[in-house]
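> Provided herewith is a single structure, encoded as C-alpha cells, for subsequent inquiry.
The values are calculated or read from the model by the stated rules, or taken from the named source; none is laboratory data. Since we're looking at a predicted model, the values are computed, not measured. Cβ sites come from the backbone with ideal geometry, for glycine too, and all protein chains shown count toward neighbours. When the accessible area is computed, the model is the full protein with side chains, heavy atoms only, and any ligands, DNA or RNA have been set aside. Shrake-Rupley method; radii C 1.70, N 1.55, O 1.52, S 1.80 Å.
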Amino acid sequence: MGGHAQGNCQPVIKADLIGHSEPSSTVNPQRLNTSMTSTSASASVVSDGLPSLAIANRLATARIYLHGGHVAQWRPAGHGEVLWMSARSLHAPDKPLRGGIPVCFPWFGPHPERPELPAHGFARQRAWALDTVTDLDDGSTRAVLALVSDAASRAQWPHDAAVTLTVTVGSTLNVELAIANRDPAPLVCEAALHTYFSVGDIRRTTVEGLAGTPYLDKVGGVARRIEGSAPIAFSGETDRVYLGTTATATIVDPLLARRITVAKRGSRSTVVWNPWIAKAAKMADFGDHEWPGMLCVETANAADDRMTIAPGAIERMALDVSVTHA
Ligand code: TA6
C-alpha cells in the first residue's frame, strides 16, 4: 500500500476475533461499526488510522478497508501486486482512497443535478460494516461488508437501499456488489467497481475484448463513438464508458509479462481510464509521475446502462479478476 507504511499497522482485535477456536465469535460492534461473526483464521482487522481487513491465505494476500468498502490490495501467489494504489492517496474518513477498487454508488461521475455532491456518489467515503469473514474449503477467504441508508445518505439521495459487497480472495479475485431496493418505488441508480490495475507502462499496454463496442468519449467533452477492431492502445488521456457490453476485457502487459482478465456479471458498461500527464498533475491525491503505472478497467452500470431496481428487488453486479503469466 503506497505511502502508508505497513509498520504502523497494529492488530486491533486479533485476540477477540481471529484464531478463536470456537467459530462465530462476535466482537464489540462499537469497535468496528460491525455486528460481524468470523470463522476465519486467514484474516485480521488492522488499523493504520482506518480499520481494514488484512487477508493472507495460501492462495493470495489482500487488504479491504471498511472505509468505502474498499479493496486496496490483492496479490495472488506467484504473481506481483495486481491492484494499483497511489502513494499520494488520502487516508481520511471523509475522502475516497485513490487506487484499488473504489465503489461508486448511487451515481457515476458528477451528480447530474447537484454539482456540490461528491463525484461517484457517497459509498466510497462512508464507513461500511464488516458482517462476516469466512475461510472457504478451497483455501480462499470471503468477506461480506454492508452499507445501509441513513439520514446522511438520504440527505444526498432520498432513497432507502441496502448494499452489500462480497469479496472472495483466492487465486482469482471476485467482488460482488448487491443493491437491495428498500423503497416502495423503483430505484434508478448507477454503480461501478472502479478498479485500478497496476501495469508496467501504459504506453505499451493494450486492452482486448471491446472491439466494435459503442462508447462515450469523455475527453474534451462527451462524444459517442464506436471502438475499432484493434485492441485499445494508449497515447494520451483516455476516459471512455463502453456501453451495452457484457464482454470480458483483457489487459495485455508486455513489461510485466502478464495478462489480467477482467470478467464480469450483471454489468453492461465497462469504463477505461488513464488520466495521462495534465490530469494527473491536477489531482492532489495522485502523484504527477504515477500515470504510466496504472490503468482503470471498471465494471459498471452507468449512463445509458443505469439500473432501475423494482421495490424489494436486488440488483447484483460482479467482477472476476485472474492473472496469467504471458
Ligand atoms: O472512471 C473514470 C472517471 O470517471 C474519470 O472521469 C475520472 O474523473 C476518474 O473517474 C476519477 O474520478 P475521481 O472522482 O476519483 O477523481
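> In whole percent, what relative contact order does the chain give with Cα contacts below 8 Å and a gap of six or more residues?
Values: 893 pairs, mean separation 51.0, N = 326.
Here the relative contact order equals 16 percent.
> Would you mind computing, in nm to one decimal, how far apart the modelled labels at Ile314 and Val219 are, each placed 7 Å from Cα along Cα→Cβ?
4.0 nm
> Take Glu290, Glu298, Glu113, Glu315 and sort them by solvent-accessible surface of the protein heavy atoms, 1.4 Å probe, largest at the top.
Listed by decreasing accessible area, they come as Glu113, Glu315, Glu290, Glu298.
> Take every Cα pair under 8 Å in segment 118-200 that's 6+ residues apart, average their separations, divide by the length, and report that relative contact order as a whole percent.
Details: 107 pairs, mean separation 16.4, N = 83.
20 percent.
> Per residue and in Å³, how big is the convex hull formed by the alpha-carbon atoms of segment 168-242? All intermediate terms of the calculation are to be shown ahead of the outcome.
Numbers: hull volume 11.3 nm³, N = 75.
It is 150 Å³ per residue.
> Here is a follow-up. Return the FRET efficiency for the residue pair Ala211, Lys282: r is the Cβ-Cβ distance, R0 is 41 Å, and the value is rounded to the nearest 0.05.
0.85
> Something else: Starting from 0.36 nm per residue, how many nanometres of slack lie between Asp304 and Arg58 once their C-alpha separation is accounted for?
84.4 nm
> I need the P(r) histogram for segment 79-170: all alpha carbon pairs, bin width 10 Å from 0 out to the longest distance, whole percents.
Computed distribution, short to long bins: 14, 39, 33, 12, 2.
> Using a 1.4 Å probe and ignoring any ligands, DNA or RNA, find the accessible area of Arg88 and quote it in Å² to the nearest 10.
It works out to around 120 Å².
> Hey, could you get me the Stokes-Einstein D for segment 209-326, Kirkwood radius over alpha-carbon pairs, 20 °C and 1.002 mPa s, rounded to whole µm² s⁻¹? Working shown, then result.
Numbers: Rh = 15.6 Å.
The calculation lands on 137 µm²/s.
> Restricting attention to the alpha-carbon atoms of segment 41-117, what are Rg (one decimal) and Dmax (integer), both in Å?
Spelled out, the Cα radius of gyration and Dmax of segment 41-117 are 14.5, 47 Å.
> Run the accessible area of the chain with a 1.4 Å probe and give the carbon-and-sulfur part as a rounded percent. Could you put the intermediate results ahead of the total?
Numbers: 7090 of 13270 Å².
C and S atoms contribute 53 percent here.
> Quick check for you: with a 1.4 Å probe and neighbouring chains kept, what is the accessible area per residue of the chain, in Å²?
Working: 13270 Å² over 326 residues.
In whole numbers, the chain has 41 Å² accessible per residue.
> Using only protein heavy atoms and a 1.4 Å probe, report how much of Asp48 is accessible, in Å² to the nearest 10.
Counting only protein heavy atoms, Asp48 exposes about 20 Å² to solvent.
> Additional query: Considering the alpha-carbon set of segment 72-130 alone, what are its Rg and its Dmax in angstrom?
For segment 72-130, the Cα-based Rg and Dmax read 13.8, 47 Å.
> Name the long-range amide H neighbours of Met85: under 5 Å, sequence gap of 5 or more, or other chain; modelled H, no Pro or chain starts.
Gly2, Gly100
> Beta carbons within 10 angstrom, averaged per residue: use that to sort the peptides 215-227, 100-112, 263-275, highest first. Each step should come with its number before you reach the end.
On the way: 215-227: 13.2, 100-112: 22.7, 263-275: 21.2.
Highest-to-lowest ranking by the protection proxy: 100-112, 263-275, 215-227.
> What does the convex hull of the Cα atoms of segment 93-229 come to per residue, in Å³, rounded to a whole number? Please list the in-between numbers first.
Numbers: hull volume 24.9 nm³, N = 137.
Roughly 182 Å³ of hull volume per residue.
> Please state, to two decimals, what the Cα-based radius of gyration of the chain comes to when divided by 2.2 N^0.38 Å (N = residues).
Numbers: Rg = 19.1 Å, N = 326, 2.2 N^0.38 = 19.8 Å.
Relative to the rule-of-thumb radius for its length, the chain sits at 0.96.
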